[in-house]
Each structure stands twice: as structure tokens, then as C-alpha cells.
Protein chains: 2
Amino acid sequence: MEIEQLMEGISLKRSVESGTEEQRAAVKEILLKVRNEGDAALYELTKRFDGVDLHSLRITEKEINEALQGLSDEHLAIIREAAKNIKSFHEKQLRNSWISTDESGTMLGQKITPLDSVGVYVPGGTAAYPSSVLMNVLPAKAAGVKRIVMVTPPAKEGGISPAVLAAANIAGVTEIYSVGGAQAVAALAYGTETIERVDKIVGPGNIYVALAKREVFGDVDIDMIAGPSEIAVLADDTAIPEEVAADLLSQAEHDTRACSVLVTTSRELAEGVAAEVEKQLGELPREEIARAAIEKFGRIFVADSLEGAISAINELAPEHLEIITRDPMNVMAKIRHAGAIFLGRYSSEPVGDYFAGPNHVLPTNGTARFSSPLNVDDFQKKSSIIMYSEEAFKANSEKIAAFARLEGLEAHARAIEVRRK
Amino acid sequence: MEIEQLMEGISLKRSVESGTEEQRAAVKEILLKVRNEGDAALYELTKRFDGVDLHSLRITEKEINEALQGLSDEHLAIIREAAKNIKSFHEKQLRNSWISTDESGTMLGQKITPLDSVGVYVPGGTAAYPSSVLMNVLPAKAAGVKRIVMVTPPAKEGGISPAVLAAANIAGVTEIYSVGGAQAVAALAYGTETIERVDKIVGPGNIYVALAKREVFGDVDIDMIAGPSEIAVLADDTAIPEEVAADLLSQAEHDTRACSVLVTTSRELAEGVAAEVEKQLGELPREEIARAAIEKFGRIFVADSLEGAISAINELAPEHLEIITRDPMNVMAKIRHAGAIFLGRYSSEPVGDYFAGPNHVLPTNGTARFSSPLNVDDFQKKSSIIMYSEEAFKANSEKIAAFARLEGLEAHARAIEVRRK
């Protein structure tokens with residue numbers, strides 16, 4: 001990695017994959033087919049795209065129990081402990097409905113209600129991550145969502161990753177279907193004979209899944225469309241090059257388009273990290289992916305001051321930010337834009353990916369300027385409550401009618417005045 | 001209005017306008033032009049679409065002061081009082097950042113930060129509503145957003161509605177530009193020489209504005225795309241036909257596609273309301289619009305029981321719901337899906353449109369199943385905070401590394417293990 005002097009206005013935005021015209025047309029056709037033909041379309045498309053001849057869509061209790069038995073006790077215990085931590089962090093986000101009253105007897109407030117049902121998409125193949133199941137399901141569970149449906153494509157030989165099934169069972173998924181791709185999104189959005197529609201679809205997927213989610217948005221809610229992963233490390237001379245390098249590589253191994261950035265006030269650290277990255281890269285099983293990512297999207301910046309480094313980070317709005325400095329809490333207070341902030345030497349990013357409790361579904365590509373990690377609010381909605389008292393009504397009705405007339409809406413004014421008779 | 005017996009599974013969803021291919025292409029071209037040519041494109045497009053030769057984009061202090069002087073003291077006082085109520089309701093929604101600690105010294109939490117900047121689109125012409133300015137700006141203000149930019153197309157003779165300018169000034173808008181349409185959305189999303197880009201764009205607009213917002217989504221955040229207005233009234237025999245009819249018509253006058261529904265347990269009320277709607281319709285200045293809406297999207301249902309009526313309302317998930325029954329609070333407790341809930345005789349919907357405090361930007365077309373009224377959370381975002389202690393790290397590092405290896409992510413495991421040396 002080359003070392004650059006930090007200048008104002010750095011940006012590491014990558015273009016977002018928005019699909020070709022052909023892909024969009026294919027997705028629209030799949031959505032229409034599932035809407036028209038229901039289950040029959042799901043069987044046919046699963047045969048066509050996954051090469052699997054399903055005899056049923058729903059995964060049975062028996063299959064789930066077999067998955068649990070197929071995992072080691074050690075792994076099951078780790079998944080359970082991670083689930084406990086994630087559940088506990090998300091339950092702390094719960095809010096109550098509230099009402100405020102005034103002397104006239106008027107009551108105003110917000111009623112907070114969980115969504116009725118949520119669908120979680122889980123990719124198949126090598127990207128079948130049990131941690132992703134926990135992170136997408138448990139916030140919905142904490143929010144009070146009663147029906148949580150998981151869909152995931154079957155492997156070539158049929159069946160679903162045991163670790164994914166186990167995680168779904170531990171997280172409290174209520175239904176699991178062996179179907180993937182745009183057809184699974186269509187089933188969740190519109191419903192079929194077997195799969196009842198849901199109110200929101202979350203979870204990562206390939207370009208077809210992303211396009212399908214965009215297309216059904218409005219009929220159902222969706223989460224954000226995630227881009228490739230990013231890590232920024234903000235460090236001073238107290239950081240240890242070997243550790244910083246390992247953290248940068250932990251993101252780089254995800255994807256050739258992953259982005260790893262170090263911003264530091266110490267040239268010595270910058271040089272140490274550059275050397276360590278090169279050394280550790282050679283020892284990684286996923287070296288090819290990580291090397292491509294580091295070469296294209298890896299950057300090391302040396303900043304003149306901590307203030308300058310902080311303002312560069314705010315400009316980046318990174319998905320993951322590690323702060324490894326003398327006083328990380330004080331630095332954190334000045335960070336305005338970041339998905340998740342990891343403080344100090346022992347908060348290596350994988351601590352948050354798997355175990356600590358906060359969500360690993362995070363805003364990428366600079367969207368931390370306006371988006372949040374997946375959280376309980378994403379699975380609840382609010383209704384306003386307005387109970388105007390007779391006293392308040394009489395005191396304010398003329399003003400309300402006058403405001404309506406200022407906007408030329410006479411029927412609004414009359415709805416008020418008819419009550420004054 | 002005809003009276004129907006309530007059956008299961010009523011739905012009043014209307015198709016959402018998604019634009020023609022031509023409109024989409026025109027919008028893409030406008031976005032590109034503004035991106036490439038900046039201010040020059042804004043001047044040119046304003047001349048082409050609004051027929052106005054602007055000499056500057058920004059509205060001056062002087063123009064704002066003239067607007068304030070152009071409004072009556074009475075109207076100014078009403079707008080100020082409404083703004084005070086809206087501000088107060090939205091400030092009650094504010095949340096603090098929080099951190100939880102455990103015995104090992106680990107700290108986890110959420111840092112809550114307002115967006116840096118927000119753009120508010122305000123339509124021109126007859127749809128220039130000062131109440132809409134208050135409702136879109138004040139939640140951002142309450143959230144702590146520092147920079148709030150308003151854009152609105154100039155009228156044919158140049159200039160902007162004085163009531164809109166006054167509302168913007170009272171609500172605390174920091175910059176106002178005389179530009180509308182897709183070109184205004186482009187300026188807000190990408191920036192020009194004069195207009196700096198924002199992080200989120202909110203506010204209603206015509207189909208070009210809606211398409212442009214959809215297109216820039218991802219580069220900036222947007223609010224929901226609102227459909228035509230809806231009201232549902234849930235009433236028993238205590239309701240007064242004249243009042244219910246007036247409320248149904250207050251929505252119908254908005255738009256020929258507006259939807260007004262009464263669900264009642266009383267056939268007598270149903271008949272009274274049907275007669276009153278006909279009578280009042282004939283006296284309305286916007287009769288033509290209201291009549292078209294009532295004929296196409298007005299429905300009266302008689303339900304066998306209050307329970308049946310409640311479950312029909314939950315199926316509808318209406319934008320506005322009035323509950324006019326003996327014990328509206330108890331009914332409200334069973335409502336799961338509605339944008340805003342108005343309780344009792346004196347909570348006529350226009351009370352909430354203008355004055356009470358809760359927002360009038362609400363989820364339409366059944367999206368109250370998963371969406372909320374515009375609120376303070378829409379203008380803030382969260383960052384996760386993770387400060388793992390040395391003790392917690394040592395106790396859990398083996399489990400975290402094992403979880404990473406279960407997912408085949410070796411570099412993740414090594415980022416943990418390098419810290420155990």
C-alpha cells in the first residue's frame with residue numbers, strides 16, 4: 001500500500017451496481033410470473049436457476065433438527081451466546097408508545113407498533129452466513145414482529161446450510177422456505193398458495209435479489225441495498241501495526257471491491273502497517289480476493305493533525321470505523337458520520353461482526369451520512385394519536401378554519417365549523 | 001354514496017403512478033444536465049418549464065421581509081401558533097445517544113446525530129401550501145439539522161407565494177431557492193455553484209419530482225413517495241352524520257383520486273351520512289373534484305360488530321383514521337395500522353392537518369402497515385458504539401475466532417488472534 005499525504009476532500013465512493021437493462025427485464029418477468037402462477041412458478045424457477053427439483057417449499061421441523069444435530073456443540077453454544085448478546089443490545093433500543101396531555105384535556109402522542117410480518121433473504125452457497133441470519137432476524141424479534149419468514153436458495157444437491165438453519169432456529173424464525181433469487185422476493189411481496197406475503201423484506205442478495213427488492217418497494221418495505229464492505233481505521237502512534245493491518249485485511253477478504261483505509265497522524269505507523277499488510281496478505285487463504293481489494297481500494301493517509309484526520313473520516317462516512325488513539329472516546333464525540341464505531345485496541349471489527357451485540361448490517365458507500373445500522377426502529381412503525389378536547393377545539397377552531405381558507409380548502413374549514421353549531 | 005354490508009377482505013388500494021418511459025427518460029436527462037452544467041442548467045430549465053427568466057436563484061432577505069409584510073397579522077399569528085405546536089410535538093420525539101456498560105468495562109451504545117443538511121421541495125401554483133412547509137421543515141429543525149434548504153418553482157410572473165415564504169421563515173429554513181421540478185431535485189442531490197448538495201430530500205411534488213427523487217435515492221436519502229389522500233372514519237351511533245360527512249368531504253376536495261371511507265356499526269348513521277354527503281357536496285366550491293373522488297373512491301360499510309369494523313380498518317391501513325365511538329381510546333388500542341388516529345368528535349381531521357402538532361405527512365395506500373408519519377427519526381441517524389474491554393476480549397476471543405472460521409473468513413479470525421500475542 002502506498003502512503004499518501006492527507007488532503008482535503010478525499011472520497012472513496014464506488015459506483016453502485018444498478019444492473020443491466022437485461023437483468024431488470026428478467027427480474028420484472030420473474031416477479032410477474034410468480035404473481036400470476038404462485039407456487040408453480042417457484043418450483044419451475046428453482047429448477048431453472050438452482051437446478052433443484054423441490055418436492056416441497058417449506059423446510060420441516062425434522063430438517064431443522066437434523067441441522068442442529070449436524071453442528072458441533074461448541075459451534076451451537078457460540079451461536080447461542082452471540083444471539084443472546086445481539087438480542088440484548090437490540091432490546092435496549094425498544095421504545096414505548098407515549099401520550100402527552102395538556103390542561104385542556106387534549107392528548108397527543110405516538111403509538112408504536114411492530115410490523116406484523118417480515119421476510120429475511122439469506123444468500124446460498126459460500127455466502128451463507130449464520131451471523132447474517134442472526135443480525136437480520138433478531139432486531140425484528142426484539143421489535144415484537146410475530147411472523148418472521150426466512151427464504152434461501154437450496155444448494156445444488158438440495159438442502160440448506162446446517163449452520164444457517166441452526167441460526168434461524170436459534171434466532172426464532174417462524175417459517176423457512178427453500179427458495180431464492182427474485183422469485184423468493186416476489187413470493188414474499190405478493191404471496192403464493194404456500195407463502196403468505198410479508199410487510200418488509202430485509203437481507204443481502206445478488207444483483208437479481210437487489211433489483212427485485214427495488215421493484216417491489218412500495219408494495220412492501222425493504223432495507224437498504226448494501227454495497228461492498230468498508231473499514232476505516234483512525235489511529236495515532238499508540239496503535240500496533242500488526243493489529244491495524246490484520247483489521248484492514250479482515251474487510252479486504254470479503255470482496256475484491258471491499259475498501260480498507262487507514263488515516264493516521266503517525267508516519268511510522270503508516271509505514272509499519274504498509275509492510276505488515278504485505279506480509280500478512282501472503283499468508284491468507286483468500287489472498288487473491290484480499291490483494292485485489294487492497295490494490296484497488298486500499299489507501300493509507302498521513303494527516304498533519306488529529307483534527308484533520310477526524311474531518312477526513314467525517315467526509316468518508318465509513319461503514320466501519322476503528323478509533324485506535326490515546327483517547328478514543330473524545331475522538332468518537334467528534335465523529336458525525338459512521339455506521340459502527342469501534343473504540344480502542346480490543347474492539348477489532350470482527351468483535352462486532354459476530355459477537356458483541358450491535359448489528360453488522362451497516363450503511364455503506366457514504367450513506368452513513370443519512371442511514372443507520374439495522375435496528376429495532378426498522379421493524380416498528382408509529383401512528384400519531386390526536387385526541388383534541390372540546391375546550392381546545394373551541395379555543396382554536398376559528399384559527400384552524402382560517403388556516404384552511406388561506407390554502408383555499410373550504411371543505412376543510414367547514415369540517416371544523418360544522419362542529420361549532 | 002351507496003351503503004354496503006362489510007365483508008371480509010376489503011381493500012381500497014389504488015395503483016401508484018410510476019410514470020411513463022418518456023417521463024423517466026426526460027427526468028434522467030434533466031438530472032444529467034444539472035450534474036454537468038450546474039447553475040446554467042437551472043436557469044435554462046426554469047425558462048423552459050416555468051417560463052420565467054430568473055436573474056438569481058436565491059431568494060433574498062428583502063423578498064422574505066416583503067412576504068411577511070404581505071400577509072395579514074392574523075394569518076401570521078396563526079402560522080406562528082401552528083409552528084409552535086408542531087415544534088413542541090416533534091421535540092417530544094427527541095432521543096438521546098446512550099451507552100450501556102457491563103462489569104468487564106465493555107461499553108455498547110448508539111450515538112444519535114442529526115443529518116447535516118436537508119432539502120425541502122415545495123410545489124408551486126395552487127398546491128403551494130404553507131402548512132406543508134411547516135410539516136416538512138419543523139421535524140428537521142427539531143432533530144437538530146443545521147442547514148435546511150427550500151426549493152420551490154417560481155410563479156409565471158416570477159416570485160413565490162408570500163404565505164409559503166412566510167412559513168419558511170417562521171419554520172427556520174436557512175436558504176430558499178426559486179427553482180422547481182426535477183432540476184431542483186438534481187441541484188439538491190448533486191449540488192451546483194450556488195446550491196450546495198444536501199443529505200436528504202423531502203416534500204411532495206408532481207410526477208417529475210417523484211421520479212427524480214427515486215432516481216437520486218442512494219446518493220441522498222428521500223422521504224416516501226406519497227399517494228392521493230385517504231380518510232377512514234370508524235363510527236358508532238354516537239356520531240353525528242353532518243360532522244362525519246364534512247370530514248369525508250375534507251379529504252375528497254384534495255384530489256379526484258382521494259379516498260373517503262366510513263365503516264360503522266350503525267345503519268342509521270350510514271344513511272344519514274350518505275344523505276349529508278350529497279347535500280354538502282352541492283355547496284362546495286371544489287364540488288367537481290370532491291364529487292369525482294366520492295363517486296370513484298367513496299365507500300360506506302355497515303359492520304355487524306365493532307370488532308369486525310376494527311379488523312376492516314386494520315386491513316385498510318388508512319392514512320387518516322377518525323374514531324368516533326363511545327370509547328375511542330379502547331378502540332384505538334386495537335388499531336395496528338393507521339398513519340394518524342383522530343379520537344372523538346372534536347378531533348376532526350383538519351385539526352391535525354394544520355394545528356394540533358402531529359405531522360400531516362403520512363403513509364398512504366396501505367403503507368401504514370410498515371411506514372410512519374414524518375418524524376424526528378427521519379432526520380437523525382444512529383451510529384453503533386463498541387468499546388470492548390481487555391477482559392471481555394480475552395474471555396471471548398476464541399469464540400469470535402471460531403465463529404469467523406465457521407464462516408470461512410480466516411482474516412477475520414486472525415484479526416482477533418493477533419491481539420492475543
- Query: When DSSP beta bridges are limited to those with both residues in region A:21-222, what percentage is antiparallel, rounded to the nearest 5?
  - Reply: 25 percent
- Query: Taking springs between alpha-carbon atoms closer than 10 angstrom, which of A:252, A:239, A:182 fluctuates most in the Gaussian network model of chain A?
  - Reply: A:239
- Note on the structure: One can check that the equivalent ellipsoid of region A:105-147, built from the alpha-carbon gyration tensor with semi-axes equal to the square roots of five times its eigenvalues, has lengths in Å, largest first, of 34, 9, 7
- Message: If you restrict to DSSP beta bridges whose two residues both lie in chain B, what percentage is antiparallel, to the nearest 5?
- Response: 25 percent
- Cα to Cα, under 13 Å, and not fewer than 8 places away if on the same chain: which aspartates and glutamates meet these conditions relative to residue A:394? A:417
- Considering the rotation that carries chain B onto chain A, locate the chain B residue whose Cβ comes closest to its axis and report the distance in whole Å. B:377, 3
- Accessible area in square angstrom per residue, the protein assembly as shown, 1.4 angstrom probe: 39 Å²
- Shielding by partners for B:248-257, please: the mean number of other protein chain Cβ atoms within 10 Å of each residue's Cβ. 3
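Hey, any idea what the orientation-averaged projected area of the convex hull of chain B's Cα atoms comes to, in nm²?
Value for chain B: 26.7 nm².
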- Query: Quick one: how many lysine pairs in region B:25-135 have C-alpha atoms under 28 angstrom apart, if they're 8 or more apart or on different chains?
  - Reply: 9
- Within a Cβ distance under 9 Å of residue A:415, other residues only, what is the Lys/Arg minus Asp/Glu net charge? -2
- Ratio of the Cα radius of gyration of region B:242-326 to 2.2 N^0.38 Å, where N counts its residues: 1.06
- Query: At q = 0.17, 0.27 Å⁻¹, what is the log10 ratio I(q)/I(0) for region B:1-81, with the Debye formula run over Cα points and no solvent?
  - Reply: -0.87, -1.27
- Item | Overall Cα dimensions of region B:15-141 - principal axes, largest extent first, Å | 67, 45, 37
- Message: Per DSSP helix of 4 or more residues, -39500 (n - 2.57); summed, then divided by the residues of chain A. What does that give at 222 nm, rounded to the nearest 500?
- Response: -13500 deg cm²/dmol
- Note on the structure: Under 5 Å from the placed amide H of residue B:298, counting only residues 5+ away or on other chains, we find B:260
- Message: Please identify the DSSP H helices in chain A that span no less than 18 Å along the helix axis (Cα) and have a mean Kyte-Doolittle hydropathy of -1.0 or more.
- Response: A:21-37, A:73-91, A:130-143, A:267-281, A:390-406
- Query: Which distances in nm, rounded to one decimal and ordered from shortest, link the label point of residue B:157 to the equivalent label points in the other identical copies, with labels set 7 Å from Cα toward Cβ?
  - Reply: 8.0
- Local net charge near residue B:404, Cβ-Cβ under 9 Å (Lys/Arg +1, Asp/Glu -1): -1
- On the formula 1/(1 + (r/R0)^6), with r taken between the Cβ atoms of residue A:329 and residue B:237 and R0 of 45 Å, the FRET efficiency rounded to 0.05 is 0.15
- Query: Which three extents, in whole angstrom, do the alpha-carbon atoms of region A:266-421 cover along their principal axes, largest first?
  - Reply: 85, 35, 28
- Item | Cα-Cα separations in region B:21-222 greater than 26 Å, expressed as whole percent | 36 percent
- Item | Stokes-Einstein D for region B:121-201, Kirkwood Rh over Cα pairs, 25 °C, 0.890 mPa s (µm²/s) | 193 µm²/s
- Query: For region A:127-177 and region B:138-168, what is the separation of their C-alpha centers, rounded to whole Å?
  - Reply: 46 Å
- Over the alpha carbons of the protein assembly as shown, what is the largest minus smallest coordinate on each principal axis, giving the biggest first in Å? 83, 65, 54
- How much length, in nm to one decimal, is gained on full extension between residue B:174 and residue B:391, taken as 0.36 nm per residue of separation minus their Cα-Cα distance? 73.2 nm
- Item | the protein assembly as shown - percent of accessible surface contributed by carbon and sulfur, probe 1.4 Å | 49 percent
- Amide H neighbours of residue A:230 at under 5 Å, excluding residues fewer than 5 places away on the same chain, with H built from the backbone geometry, are A:259, A:319, A:320
- Run the quick spin-label model on residue B:304 and residue A:40: label points 7 Å from Cα toward the beta carbon, then report their separation in nm to one decimal. 3.5 nm
- Would you mind giving the total buried accessible surface between chains A and B, with a 1.4 Å probe and ligands, DNA and RNA left out, rounded to the nearest 100 Å²? 10400 Å²
- Note on the structure: In this structure, the FRET efficiency calculated for residue A:103 and residue A:55 from their beta-carbon separation, with R0 = 60 Å, to the nearest 0.05, is 0.35
- Query: In a GNM of chain A with a 10 Å cut-off on Cα contacts, which of A:176, A:240, A:207 has the highest mean-square fluctuation?
  - Reply: A:240
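Considering every residue in B:212-220, what mean count of other chain Cβ atoms within 10 Å of its Cβ is obtained?
The per-residue average across the peptide is 3.
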- A correct Karplus calculation of ³J(HN,Hα) over region B:332-347, with 6.51 cos²θ - 1.76 cosθ + 1.60, θ = phi - 60°, whole Hz and x for Gly and Pro, returns 3, 4, 9, 7, 9, 10, 6, x, 9, 10, 9, 10, x, 4, 8, 9
- Total charge dipole magnitude, region B:21-222, about the Cα centre, Cβ charges on Lys, Arg, Asp, Glu only, Debye to nearest 20: 340 debye
- Query: Within the protein assembly as shown, what percent of beta bridges assigned by DSSP are antiparallel, to the nearest 5?
  - Reply: 25 percent
- Using the Cβ atoms and a cut-off under 14 Å, what net charge is assigned to the surroundings of residue A:101, where Lys and Arg are +1 and Asp and Glu are -1? -2
- Listed residues A:185, A:151, A:52; largest mean-square fluctuation, Gaussian network over chain A with Cα springs below 10 Å, found at A:52
- Query: Which semi-axes, in whole Å and largest first, does the equivalent ellipsoid of region B:161-236 have when worked out from the alpha carbon gyration tensor as the square roots of 5 times its eigenvalues?
  - Reply: 26, 19, 11
- Cα centroid distance between region A:194-229 and region B:375-418, in Å? 26 Å
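The values are calculated or read from the model by the stated rules, or taken from the named source; none is laboratory data. Note that the coordinates shown come from a computational prediction; the quantities given were computed from them, not determined experimentally. Because the Cβ atoms are built from the backbone with ideal geometry, glycine has one as well, and the counts that use them run over all protein chains shown. Side chains are part of the model used for accessible areas, which takes the heavy atoms of the whole protein and leaves out ligands, DNA and RNA. Shrake-Rupley method; radii C 1.70, N 1.55, O 1.52, S 1.80 Å.
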